[in-house]
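Notes follow the structure.
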């Protein structure tokens, strides 16, 4: 994903979810990008999700959504299961 594509995705998400903070939006974009190239999310964001860090939660949310429904069987998914369900509701 190029910088231009990242910015376009950021602006689209910002319009769709005006209540999301810039930090959450950035984490979401990062997670979406990493899902394209990594099998699992970066460990630091899984660890930071324990602290309810918004960037980490957004990162994992995007990683999970873009991974697909089978992600629910991944060990790290338990940290964001409820958040992912909320985001999916917003998208419909």
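Just so you know, all these numbers are worked out from the coordinates, no wet-lab data involved. Bear in mind that the values here come from a model prediction, so they are computed numbers and not experimental data. Cβ coordinates were reconstructed from backbone atoms using ideal geometry, including for glycine residues, and neighbour counts include every protein chain displayed.
A few comments on the model shown:
- For the range 58-72, a tally of residues being surrounded by fewer than 16 Cβ atoms within 10 Å (Cβ to Cβ) and farther than 16 Å from residue 26 by Cβ returns 4.
- Each residue in the range 29-57 was checked for being closer than 19 Å to residue 72 by Cβ and assigned to a helix (DSSP H, G or I), and 9 of them qualify.
- Look at (1) free of Cβ contacts under 8 Å to residues at least 40 places away in the same chain; (2) surrounded by fewer than 16 Cβ atoms within 10 Å (Cβ to Cβ) and you find that residue 55 fails only one, number (2).
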